[in-house]
1. Being farther than 23 Å from CYS124 by Cα, part of a strand (DSSP E or B) and not small (Gly, Ala, Ser) is the requirement here; does LEU280 meet it?
2. Among the residues of the stretch 499-526, count how many are open to solvent by 70 Å² or more (accessible area, probe 1.4 Å) and out of contact with any Pro (no Cβ under 9 Å at 6 or more places or on another chain).
3. Within the stretch 349-368, can you find the residues that are surrounded by fewer than 23 Cβ atoms within 10 Å (Cβ to Cβ), closer than 17 Å to LEU406 by Cβ and touching a Ser or Thr at 6+ places or on another chain (Cβ under 9 Å)?
4. For the stretch 262-276: of the residues being closer than 18 Å to LEU324 by Cα and at pLDDT below 95, which is surrounded by the most Cβ atoms within 10 Å (Cβ to Cβ)?
5. If you check MET303 against the conditions, is it at pLDDT below 95 and either over 23 Å from ARG469 (Cα atoms) or surrounded by fewer than 24 Cβ atoms within 10 Å (Cβ to Cβ) (or both)?
6. Give, as residue ranges, the strands (runs of 3 or more DSSP E) completely inside the stretch 462-510 that count at least 1 residues that are free of Cβ contacts under 8 Å to residues at least 40 places away in the same chain and either touching a Leu at 6+ places or on another chain (Cβ under 9 Å) or closer than 23 Å to SER432 by Cβ (or both).
7. What's the number of the only condition in (1) open to solvent by less than 20 Å² (accessible area, probe 1.4 Å); (2) modelled with pLDDT of 95 or more that ALA416 fails to meet?
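The values are calculated or read from the model by the stated rules, or taken from the named source; none is laboratory data. Here the structure is a predicted model, which means the values were calculated and not measured. Heads up, the Cβs are rebuilt from the backbone with ideal geometry, glycines too, and the neighbour counts pull from every protein chain shown. Note: areas computed on protein heavy atoms with side chains; ligands, DNA, RNA excluded. Shrake-Rupley method; radii C 1.70, N 1.55, O 1.52, S 1.80 Å.
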Amino acid sequence: MIRPRTQATLPPAKGVLPVLILVLLAQLPAQAESTPRFADVSRAAGLEFVHRNQVAEPDPKAKYLIETMGSGGGFLDYDNDGWMDVYLINSRGPNRLFRNRKDGTFSDVAGEAGVGDPSYGMGCAFGDYDNDGHVDIYLTNVGPNVLYRNLGDGTFQDLSRRSGVADPRWGTSAAFADYDGDGLLDLYLANYLEFSFQDHEPCYFRQIPIYCYPHGFDGVGNVLYRNLGGRTFIDVTRSAGLREEARYSKSLGVLWLDLDRDGDQDLYVANDTAGNYMFLNQGDGSFQDVSLESGTALGGSGMAQAGMGVDAGDLDGGGRFHVLVTNYSLQYNALYWNEGGEFFSDRIIDSGLSGPSFVPLGFGANFFDADNDGDLDLFVANGHVLEEAARANAGSRYRQPNQLFLNDGKGRFAEAGSPGGYFSVQNVSRGSAVGDFNNDGKLDLLVTNCGGKADLLENRTRESGNWVRFRLRGSHCNRDAVGARMTLEAGNLKLTRELRSASSYLSQNEPRLHFGLGHKTKIDSIRIAWPCGKMQEVMPPQSLNRSVFIQEP
C-alpha cells in the first residue's frame, strides 16, 4: 500500500533563529542602478491560460500533493516560421498550443493541431527526435506520458505507446540529448513519488488539511530512453550505469550539459529531500556516478536539500558551466561552481544569492542575458507549496514575488526589480522559460503559476546592448544540434553558450543561442563544437542585432 508515513506535522524549521534571518537580510545585495524592465503582456498577446490544479474526485476537500507541484511550459517553433510559439501544460484540463501570429499576439491552435492532452499534466520537452525537420513534443503526466510526433502540416500524431516512452508513473521534468553520439536524440525522464488516490491519507497542521511533505512518500526510478531510430526508444537505464535507487530519487529537475568539456553530454538531476545526481558520460554509452565526490549532491552544510529546478551557465567568461539548483524555503539555493574536471564548490554565499534565496521557495531557474550586456543574469520563479506557509513560519508566504538578479560579469549577482512592477507581484510560480517571442533581440520570459494564469513577460529594457543569435542545424549530428557548444569572442568578451533541450523546472527555453554584446560593434571569432565531435570556425557576421543560421558542415 502506498501512503504517506507522516500525517500530523509540517516540515521543521531546522533550528532557524530570528537572529539568523536578520543576519541574512543584512547580506542582501544593493539594488542594481540600471534595472531591466519586464511587463506582463499575456492578456494583450492573447495568451490567456489558467492552470487548473484542483482534483475534483475522489474527494474535492482533500489536499493531494500533485495539486501543488505543477505545471510547466515553454517556447518552440512548431511550424518552422522563425517565430517562437508557446506550449502550456494544464493539470485538470487540456494543454494549449499558442501559435505566434508575428505581430505580438498568439492564437490557440491546440485543438486543430491535436496536442491538447487532457491528462493531469506536469512538464514538457521539445526535440526533433526523428530528424525529419519538425520539432516533436514530449509531455510528462501524473499517469502515462505522451509523445506527439510533428507531421509538418500543423498537426501532430500521438505515438506514446508505439514509441515505448509512455511511462505510467508521476513524471516531472524530461530532456532530450544525444548522449551516445549516433545523431539521434535520446530522452531522460525524471519521476517524482509513489502516488495513488486509492492509498492517499490526509495530512494536517493544527487540524487544517495540508499537502503532505514528500518525506512521507517513496520515490520512484528515473529512466534513460535510447533512441533506436524508427521512432522507437528502449529503456537503457541499467545498462548505462545510471542509479536505480528508486526509493531515494524524488527527482524534479533535469539538465543535460557538457560539464567536463570532453565533448559529450553529462547529466545532472535535482532531487527533492534527497541528494542530487551528477553522472559523467564515459563516451562508451555508460555513465559514472560522481554525485558525492563532485560536491554537487548536497548543500553547503553537508545535508540533502529539496532540489526543484536546475540551470547552468558560463557566469564569468571562463568557459565552464556552473550549476544552480533552487531549493525549499529556509534553505539557500545552491550554486555549484565548476572548478575544473569533475569538481565543484558551493559559492552561493560568495555569489550574493544566499540571502535573497533563503526565505523564498524556488522552482524555475534561468540563466539568460536580460540586458544584452554580455553576461548571464538569473531569473528565479518562487512560490510555496503550502497554502498555510505563513502559519508555519511568520516570515514565509504561499504567494511570493519572483526574482531577477543581474550578473557583474564575474559571477556575483545583485537583485533587480522595479518597485511596483512585475517583481513586486506575489504569485505561486512554478515553471519558467526564456525566449524572444517578438524577435526584437531582447529575451522575454514565460512563467507558469500553480492554480493561476500564465505570465508572458515582454523585455522592455531601454538601455539594452547589441546582440546576435544563432539557429543551428545538424547534418550528421542530431538535426536540432542539441549539445552544440558555441564560443564567441568580441574584444575582451569571451562568451560560451550550449544548445540544450529542457531545463529550469518542467519547462524548455527557445532553441536559439543568444549572445548579448553590450557596446561591442564587432565579433572577432566564433567557434562551434558540434555534438558529434566536429570543430568549426565560423566567419563572424558583418553586422549585429540579427539572427544567423548555421548548418553543420
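1. So LEU280 passes the test.
2. Residues flagged as open to solvent by 70 Å² or more (accessible area, probe 1.4 Å) and out of contact with any Pro (no Cβ under 9 Å at 6 or more places or on another chain) within the stretch 499-526 amount to 2.
3. Scanning the stretch 349-368 gives no hits.
4. ALA274
5. The answer is yes for MET303.
6. Values: elements: 466-473, 485-490, 493-498.
In the stretch 462-510, the matching strands (runs of 3 or more DSSP E) lie at 485-490.
7. That leaves (2) as the condition not met.
Conditions tested, residue by residue: (1) closer than 18 Å to CYS124 by Cα; (2) buried (at least 20 other Cβ atoms within 10 Å of the Cβ).
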position	(1), (2)
VAL434	yes, yes
ASP440	no, no
ASP444	no, yes
ASN449	yes, yes
LEU457	no, yes
TRP467	no, yes
ARG473	no, no
ARG497	no, yes
